[in-house]
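Undergrad: Here it is, the structure in full.
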Amino acid sequence: MELRHLRYFVAVVEEQSITKAADKLCIAQPPLSRQIQKLEEELGITLFERGSRPVKTTEAGMFFYEHAVQILTHAAQATSMAQRINAVDKTVRIGYVGSLLYALLPQIIYLFRQRHPDTHVELIECGTRDQIEALKTGKIDIGFGRLRLSDPAIKRLLLRKERLKLAVHKNHHLAEFIDTGVYLSQIVKESIFSYPIAPKPNFSTLIQSIFTELGLVPKELIEVREIHLALGLVSSGEGISIIPESASEIGMKNLIYIPILDLEAYSPISLSVRNMDQSSYIPDILECIKEVLAEEGKQVQLNDD
Ligand code: BEZ
């Protein structure tokens, strides 16, 4: 059995049609049917129910499918890893979520560049969820994100739990809590802007899950495209917003930032790498992270997440 046979089989299961699978694979339909038949003969297993439309996978076929997907994923990972090791130029591709540019990521990357001038750094903006696929395909080598998403092929390290703050207009009635802080239960009746709208899950999903964890249902949670829109609307007196504390550096006019007192009100900042990756840029970047966080007086966690 060759990997291409597994690819053919996986395409037929996923498309539930020989015709669509053949289109997807850019091959003709008769050779695809023949290859599937040969695979069934070789395995001694009926993979698809005869005459079913759409094509229905048998129970044994579904079991084989789960493993075929894993084998193909491992093969793709092994290829991209070997290509990385073989590469003559030392390039590290770093995926990051945009909001980390307000946090300590720029300082960390800057330090890394100074310490390792022979390594070329490429920065690629990429949502936390998309980072998983990008790591597997070799599009990025390290991902910095804000969500807890797991995948068996990815190792994730929690770097820091960043506190969340409430952004309000300086004349808003909640402004009096600037020194004492507020609990989320005090703001459920407010219009709250969260961001971004897509792709999900994202920072907005995190905010919703914190309310849910606390058993709270905000009356009006309005999703907008990005943080600048959320803060601009707050600055116009339209509502309030919840942001990572580092984003208060954006410095939009007439806004103040109130601490949120619930322990659950934090955004995890984590680093993701491929499970099997033993490259030296990983300990090197961890060194830079530790150093910058210590300089800024932030507690470093460095736990498996
Ligand atoms: C931080 O702001 O704490 C941070 C940002 C990126 C990577 C690590 C830490």
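The values are calculated or read from the model by the stated rules, or taken from the named source; none is laboratory data. Everything quoted here is computed from the prediction, not taken from an experiment. Cβ: placed from backbone, ideal geometry, glycine included. Neighbour counts: every protein chain shown. All accessible areas refer to the heavy atoms of the entire protein, side chains included, with ligands and DNA or RNA removed. Shrake-Rupley method; radii C 1.70, N 1.55, O 1.52, S 1.80 Å.
Undergrad: Under the definition of Cα pairs under 8 Å and six or more residues apart, what whole-number percent is the relative contact order of region 161-266? Working shown, then result.
TA: Values: 187 pairs, mean separation 53.3, N = 106.
Here the relative contact order equals 50 percent.
Undergrad: If the only charges are +1 at each Lys and Arg Cβ and -1 at each Asp and Glu Cβ, what is the size of the charge dipole of region 3-84 around the Cα centre, to the nearest 20 debye?
TA: So the magnitude is around 280 debye.
Undergrad: How much of the DSSP bridge set in region 18-160 is antiparallel, in percent, rounded to the nearest 5? Each step should come with its number before you reach the end.
TA: On the way: 1 of 10 bridges.
Counting DSSP beta bridges with both partners in region 18-160, the antiparallel share is about 10 percent.
Undergrad: Further question: For region 172-305, place one equal point scatterer on every Cα, skip the solvent, and apply the Debye formula. What is log10 of I(q)/I(0) at q = 0.15, 0.16, 0.18 Å⁻¹?
TA: -0.86, -0.94, -1.11
Undergrad: Write down the percent of antiparallel bridges among all DSSP beta bridges whose residues are both part of the chain, to the nearest 5.
TA: Close to 60 percent.
Undergrad: Which angle between 0 and 90 degrees, to the nearest 10, do you get for helix 29-43 versus the longest principal axis of the chain when only C-alpha atoms count?
TA: 80
Undergrad: Relative to a virtual label point 7 Å from the Cα of E220 in the Cα→beta-carbon direction, which members of region 158-179 show backbone nitrogen distances below 18 Å?
TA: Counting backbone N atoms under 18 Å from the label point, the list is 167-175.
Undergrad: About the Cα centre, and with charges only on the beta carbon of Lys, Arg (+1) and Asp, Glu (-1), how big is the dipole of region 181-255? Nearest 20 debye, please. Walk me through the numbers on the way to the answer.
TA: Values: 5 positive and 8 negative charges, 23 e Å.
Roughly 120 debye, rounded to the nearest 20.
Undergrad: Considering only C-alpha atoms, what is the centroid distance from region 230-260 to region 169-200, in Å?
TA: That distance is 9 Å.
Undergrad: While we're looking at this one, here's another question. At a temperature of 37 °C and a viscosity of 0.692 mPa s, determine how fast region 105-189 diffuses translationally according to Stokes-Einstein, using the Kirkwood radius over alpha-carbon pairs as Rh; express D in µm²/s, rounded to the nearest whole number.
TA: For these conditions, the coefficient is 197 µm²/s.
Undergrad: What angle do you read, to the nearest 10 degrees and between 0 and 90, between the alpha-carbon axis of helix 105-115 and the longest principal axis of the chain?
TA: Tilt relative to the chain: about 70 degrees.
Undergrad: Using a cut-off of 16 Å between alpha-carbon atoms, which aspartates and glutamates can reach K38, once sequence neighbours fewer than 8 places away in the same chain are excluded?
TA: E2, E49
Undergrad: Once amide H atoms are built 1.01 Å from N in the peptide plane, which residues 5 or more positions from F48, or in another chain, come under 5 Å H to H?
TA: Close amide H contacts, sequence-distant or interchain: T58.
Undergrad: In the chain, if the dipole is taken from +1 on Lys/Arg beta carbons and -1 on Asp/Glu beta carbons about the Cα centre, which of L286, Q37, L149 is farthest to the positive end?
TA: Q37
Undergrad: Another question, if that's okay. Which ³J(HN,Hα) values in Hz, rounded to whole numbers, follow from the phi angles of region 220-233 under the Karplus curve 6.51 cos²θ - 1.76 cosθ + 1.60, where θ = phi - 60° and Gly and Pro get x?
TA: Once rounded to whole Hz, the list reads 9, 10, 10, 8, 10, 5, 8, 4, 4, 5, 4, 5, x, 5.
Undergrad: If you project the alpha carbons of region 3-84 onto the principal axes, what extent comes out on each, in Å, largest first?
TA: 45, 26, 20
Undergrad: Starting from the residue with the highest accessible area, list F9, F64 in decreasing order, probe 1.4 Å. Don't jump to the answer; show the numbers that get you there.
TA: Details: F9 0, F64 35 Å².
Sorted by accessible area, descending: F64, F9.
Undergrad: So how exposed is T79, as accessible area in Å² (1.4 Å probe, rounded to 10)?
TA: Looks like 70 Å² after rounding.
Undergrad: Starting from the amide H of I242, placed 1.01 Å from N in the peptide plane, find each other amide H under 5 Å away whose residue is 5 or more places distant or on another chain.
TA: Residues meeting the criterion, in which the H sits 1.01 Å from N, are A167, F193.
Undergrad: Continuing with this model, one more query. Between helix 128-137 and the chain, what is the angle of the helix's C-alpha long axis to the longest principal axis, kept within 0 to 90° and rounded to the nearest 10?
TA: The two axes meet at around 40 degrees.
Undergrad: Multiplying the sequence separation of E295 and S191 by 0.36 nm and subtracting their Cα-Cα distance, what value in nm do you get?
TA: 33.7 nm
Undergrad: Still on this structure: Dipole magnitude of the chain about its Cα centre, charges +1 at Lys/Arg Cβ and -1 at Asp/Glu Cβ only, in debye to the nearest 20? Before the final figure, lay out the partial values.
TA: On the way: 34 positive and 39 negative charges, 103 e Å.
Rounded to the nearest 20 debye, it is 500 debye.
Undergrad: Of the listed peptides 185-195, 28-38, what is their order by residue-averaged count of other C-beta atoms within 10 Å, with the highest listed first?
TA: So the peptides 185-195, 28-38, ranked by packing, come out 185-195, 28-38.
Undergrad: Taking 8 Å as the Cα distance limit and 6 or more residues as the minimum spacing, I'd like the relative contact order of the chain as a percentage.
TA: Reported relative contact order: 21 percent.
Undergrad: So how much slack lies between N275 and R163, counting 0.36 nm per residue of separation and subtracting their Cα-Cα distance, in nm?
TA: 37.5 nm is the gain from fully extending N275 to R163.
Undergrad: Would you mind checking which residues have amide H under 5 Å from R163's amide H? H placed 1.01 Å from N; only 5 or more apart, or other chain.
TA: Result for R163 returns E245, S267.
Undergrad: Each residue of region 170-179 in order: what ³J(HN,Hα) in whole Hz does its phi give by Karplus 6.51 cos²θ - 1.76 cosθ + 1.60, θ = phi - 60°, with x for Gly and Pro?
TA: Whole-Hz 3J(HN,Hα) from phi for region 170-179: 4, 9, 5, 5, 7, 4, 5, 8, 3, 8.
Undergrad: Would you calculate, for the chain, the mean residue ellipticity at 222 nm contributed by helices, counting each DSSP H stretch of 4 or more residues as -39,500 (n - 2.57) and dividing by all residues, to the nearest 500?
TA: Details: 9 runs with 120 residues, N = 305.
Mean residue ellipticity, 222 nm, calculated: -12500 deg cm²/dmol.
Undergrad: Another question about this same structure. Give a residue-ordered list of calculated ³J(HN,Hα) values for region 203-212 (Karplus: 6.51 cos²θ - 1.76 cosθ + 1.60, θ = phi - 60°; whole Hz; x for Gly, Pro).
TA: 4, 5, 5, 4, 4, 4, 5, 5, 4, 4
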